[in-house]
Amino acid sequence: MKNKFLRAVLCSLYPNICVFCFKRLPFDKLICFGCKKLLPETVINRRTAGGYPCVSPLPYMDRFSDSIKMFKFKNSPQLAETLAKIVANRIKFDGIDVITYVPMFIKRERKRGYNQAKLLALRLSELVHIPCEDLLVKFKDNKEQHTLNQKERKTNVRGVYRAINQERIKGKRILLIDDIITTGNTLGECCRILTRAKAGRITCATVCAKIK
Ligand SMILES: [Zn+2]
């Protein structure tokens, strides 16, 4: 009885919302029935610039893209929990030594309050029991990719990332995490830097993939 009361109070203080349609849910649910039915059964396989494989459970469209926009631009770090669970449930993690993420320029990260890719990687790491490590930094600020056209996106990311913790990269099978793959230039550039630092094998995973 006491627990039920506590749950009801918690529920009204912190209403649980569906990560995709933002409808209120019971305390123990993460996704509503309607949205759950819309989750694709197969993952999307893409290639980054430079040809590295990238797997994503969701297409970047409709309510899935609304969720990513909310996660990224509307101060909603809590969405990492459910989005990471979807990635963990749909992607194979065999033969991965370390999880890492696409870093943000420090000033932009401070302004947003968090790096959404890092939050996803950290939660995934807990869910699949593979360590998450900081392997890259973004040392140059550039224009945000989504504000540029296809051609500009290619050159915009060139030379803005640097490898750190090189001894943790060398020979390792790395899973690189981001929230979304659109052109694949950002992930491709990060993979190029990790390869240059002698990574063993690199695969990428994102929550959403833009379908061409
Ligand atoms: Zn929903």
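We did not get these values from a lab; they are worked out from the coordinates using the rules stated. In this text the structure is predicted, and so the values were computed from the model without any measurement. Quick reminder, even Gly has a Cβ in these numbers, built from the backbone with ideal geometry, and neighbours come from all protein chains shown.
At-a-glance table
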item	result
Exposure proxy ranking, count of Cβ atoms within 10 Å, fewest first, for K72, K111, K172, K154	K111, K154, K72, K172
0 to 90° range, to nearest 10: angle between helix 80-90 axis and the chain longest Cα axis	70 degrees
Rounded to 5, percent antiparallel among DSSP beta bridges of the chain	35 percent
Formal net charge of residues neighbouring K151 (Cβ-Cβ distance under 14 Å; K, R +1; D, E -1)	+3
Cβ-Cβ FRET estimate between R63 and K85, R0 fixed at 22 Å, reported to 0.05	0.85
Ranked L120, L194, criterion: other C-beta atoms within 10 Å, fewest first	L194, L120
For the range 41-209, the spread of Cα positions along each principal axis, largest first, Å	39, 35, 29
Between helix 185-196 and the chain: long-axis angle, C-alpha atoms, 0 to 90°, nearest 10	60 degrees
Helix axis angle, 116-128 relative to the chain longest principal axis, alpha carbon, degrees	70 degrees
The range 126-212 - Debye-derived log10 I(q)/I(0), Cα point model, q = 0.20 Å⁻¹	-1.00
Cα-centre dipole for the chain with unit charges at Cβ (Lys and Arg positive, Asp and Glu negative), debye to 20	360 debye
Contour minus Cα-Cα distance for D94 and F33 (0.36 nm per residue)	19.0 nm
Diffusion coefficient, µm² s⁻¹, Stokes-Einstein with Kirkwood Rh over alpha-carbon pairs of the range 72-165 at 25 °C and 0.890 mPa s	167 µm²/s
Spatially proximal lysines relative to K212 (Cα-Cα < 23 Å; intrachain offsets below 8 disregarded)	K69, K72, K143, K151, K154
Fewest-first sequence of S125, S67 by Cβ atoms within 10 Å of each Cβ	S125, S67
Among P26, L135, Q116 - extreme Cα towards positive end, dipole of the chain, charges at beta-carbon	Q116
Additional length obtainable on full extension of the chain from K154 to F73, 0.36 nm per residue less Cα span	26.9 nm
Percentage relative contact order, the chain, counting C-alpha pairs under 8 Å, at least six apart	24 percent
